[in-house]
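Taking it in order: structure first as structure tokens, then the write-up.
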Amino acid sequence: MSRRRGRSNSDRVQDWEPKTILGEMVKEGHINSIEEILENNYVIREPEIVDLLFPDLRQEIVDVSLVQRQSDSGQQRSFRITVVVGNGEGVIGIGIGKAPEFVPAIRSAEARAKLNITVFRRGCGSWECRCGEPHSVPFASKGNTGSVSVTLKPAPKGTGLVTADVGKIVLRIAGLNDVWSYTKGRSRTSSNFAKAFVDALTNTYRMLPPQEWQYTGVAEE
């Protein structure tokens, strides 16, 4: 008896019929990058948009917890899963999914992470290295979620990811190899801990480092 295989992302994208204007523009080839979507303040409402723009997107499960709820029919249980997606080249997203079964909860979390996709900057901001390769963050960045506060600082090559296991998962899928991190708050809440890391990475895009001035026409006085 043969086991039935699920449909791949390429098959789903090929049979996908967009329901939003942004989806039609992406499928017709009018928009080819996530930067165009963010610059025009478009809202991604279909995960197939991200599948089409990033066919090599990877995902990692950050946290799995069992949620119990008391109802009139008795005690109900559901899985609450946090998933991080990224391509290792400046794109990352995080989402939380909940379902009575494990696999549907993962799919829900993955879809939400794709809807929350965003960009960040990589670089070599450590004064001890100055190699110019994007192996770390370009400068110190801080992120907050709930009671958790995370500060990311650039580290020289060979340092590795100096952080907890949850932070290593987020930074690894983001394509970073050498980062120092400082954490405050209740970091045992893995979902908020991972969200704080993503927020710190996202904040790197709010500032233009000197290494990129020459590409934008900004001159140093």
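Some points to look at:
- Taken over the range 49-83, the residue count meeting the criterion of being assigned to a strand (DSSP E or B), within 25 Å of residue 33 (Cα to Cα) and more than 15 Å from the chain's Cα centre (by Cα) is 0.
- Pairs where the first residue, in the range 161-184, is on the phi > 0 side of the Ramachandran plot and the second is part of a strand (DSSP E or B) and surrounded by fewer than 21 Cβ atoms within 10 Å (Cβ to Cβ), C-beta under 7 Å, 6+ apart: none
Okay, residues lined up against (1) of a type in the set (A, V, I, L, M); (2) farther than 21 Å from residue 134 by Cβ; (3) in the same structural domain as residue 189 (by TED's automatic domain parsing); (4) touching a residue at least 12 places away in the same chain (Cβ under 8 Å):
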position	(1), (2), (3), (4)
33	no, no, no, yes
36	no, yes, no, no
49	yes, yes, no, yes
64	yes, yes, no, yes
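- The range 70-101, residues that are free of Cβ contacts under 8 Å to residues at least 24 places away in the same chain, under 24 Å from residue 198 (Cα atoms) and surrounded by fewer than 19 Cβ atoms within 10 Å (Cβ to Cβ): 99
- Residue within the range 91-113 that is in contact with a Pro (Cβ under 7 Å, 6 or more places away or on another chain) and of a type in the set (A, V, I, L, M) present: yes
The values are calculated or read from the model by the stated rules, or taken from the named source; none is laboratory data. These numbers were taken from a predicted model, which means no experiment stands behind them. Cβ sites come from the backbone with ideal geometry, for glycine too, and all protein chains shown count toward neighbours.
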